[in-house]
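Student: Sending over a structure as structure tokens; questions will come in a sec.
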Amino acid sequence: MRYLTFALPKGRLAKKVLHMLEKQGITCSEIYTDTRKLIFVNEELKLKFFMAKTSDVPTYVEYGAADIGVVGKDTILEEKRNLYEVVDLGFGKCDMVVAGPKEMKEQLKYNNSIRVATKYPNIAKDYFYNKKNQKVEIIKLNGSVELAPLVGLAEVIVDIVETGTTLKENGLVVLEKIVPVSARMVVNRVSMKMESERINKIIKGLRELS
Ligand code: PRP
């Protein structure tokens, strides 16, 4: 039996993902040890795990470096990788939104000369160019996107909102909702065929849990 490899996201989803896999009997005690090791192995179940930067998880899965990945729908939409999205895991729920000062609500409806700051340029382009037919300027940032309207870099942002605290504490509001987001299980296209029995068992178990 060959190893099945999981690419798991670092950051805010990490704990929930490990907890969910544990409920399925998919365990790896080594992952909790304080170490700089990158890959963890469960020899008994022939499983390997690695934690990757969230936005890289779909890349590892598309190329078959991991058979299975867990990642947010926001990253799946942004990265546009060729893979199967098989289970909505029902946690990590948040919304992809357009946000900004409340005064921008009206201008956002028709104005084209708006700058939009975001960590998600593909999602922002798809929303403004294809869905709204608005030729806004999109500015890529790598984090703390809420800063952009406060310092005059952009009028609005496209970002995820979970509790709404970051927006509220910075005097910003949700202006338009783009798409709901949650954690998903994704599978490499070849692995889905070659390892269908083992992978389908995992999918079935996770669907029952979520
Ligand atoms: C995310 C997101 C928002 C914030 C939303 O950022 O980009 O900034 O969380 O969460 P809230 O609605 O619960 O306040 P993250 O913490 O991942 O850091 P980053 O801004 O540096 O990317």
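Student: Along the charge dipole of the range 94-181, Cβ charges K/R +1 and D/E -1, which of 117, 163, 129 sits furthest on the positive end?
Tutor: Sorting the options by dipole projection puts first 129.
Student: Can you tell me the equivalent ellipsoid semi-axes for the range 94-181? Use √(5λ) from the Cα gyration tensor, largest first, whole Å.
Tutor: Taking √(5λ) for each Cα gyration eigenvalue gives 17, 14, 13 Å.
Student: Sticking with this structure for a sec: Could you identify which residue out of 62, 162, 103 has the top mean-square fluctuation in a GNM of the chain using Cα springs shorter than 10 Å?
Tutor: Among 62, 162, 103, the largest GNM mean-square fluctuation belongs to 103.
Student: Okay, next question. Quick one: helix 196-209 against the long Cα principal axis of the chain, what's the angle to the nearest 10°, folded into 0 to 90?
Tutor: 60 degrees
Student: Based on Cβ point charges of +1 for Lys and Arg and -1 for Asp and Glu, what charge dipole magnitude is obtained for the range 94-181 about its Cα centre, in debye rounded to the nearest 20?
Tutor: The dipole magnitude comes to about 300 debye.
Student: Using a Förster radius of 30 Å, what is the FRET efficiency between residue 91 and residue 168 based on their Cβ-Cβ separation? Nearest 0.05, please.
Tutor: 0.85
Student: Ok, one more. Of all beta bridges DSSP finds with both residues in the chain, what is the antiparallel percent, to the nearest 5?
Tutor: Roughly 60 percent of the DSSP beta bridges within the chain come out antiparallel.
Student: Work from the charge dipole of the chain (Cβ charges, +1 for Lys and Arg, -1 for Asp and Glu, about the Cα centre) and give the residue of 143, 99, 38 farthest towards its positive end.
Tutor: 38
Student: Would you work out the charge dipole size for the chain about its Cα centre, treating the Cβ of every Lys and Arg as +1 and the Cβ of every Asp and Glu as -1, and quote it to the nearest 20 debye?
Tutor: 300 debye
Student: Provide the packing ranking of 176-182, 1-7, 29-35, 189-195, i.e. peptides ordered by the mean count of other C-beta atoms within 10 Å per residue, highest first.
Tutor: The most tightly packed comes first, giving 1-7, 176-182, 189-195, 29-35.
Student: So what is the accessible area of the range 90-193 per residue, in Å², with the probe set to 1.4 Å?
Tutor: With the other protein chains kept in place, the range 90-193 gives 51 Å² per residue.
Student: Relative to the longest principal axis of the chain, what angle (0 to 90°, nearest 10) does the C-alpha long axis of helix 14-23 take?
Tutor: Orientation of helix 14-23: about 40 degrees from the principal axis.
Student: In the structure shown, do any of 37/177; 53/93; 93/140 have a Cα-Cα gap over 28 Å, and if so which?
Tutor: Table pairs above 28 Å Cα-Cα are 37/177.
Student: Counting only protein heavy atoms, what percent of the accessible surface of the range 94-181 is carbon or sulfur at a 1.4 Å probe?
Tutor: The nonpolar share, carbon plus sulfur, comes to 50 percent.
Student: Is it possible to state the helix-based mean residue ellipticity at 222 nm for the chain, with each DSSP H run of 4+ residues giving -39500 (n - 2.57), the sum divided by total residues, to the nearest 500 deg cm²/dmol? What is it?
Tutor: Per the formula, -8000 deg cm²/dmol.
The values are calculated or read from the model by the stated rules, or taken from the named source; none is laboratory data. What you see is a predicted model; the values in this text were computed from it and never measured. A quick note on method: Cβ atoms are made from the backbone with ideal geometry, for glycine too, and the neighbour counts reach across all protein chains shown. These accessible areas exclude ligands, DNA and RNA; they are computed on the full protein's heavy atoms, side chains included. Shrake-Rupley method; radii C 1.70, N 1.55, O 1.52, S 1.80 Å.
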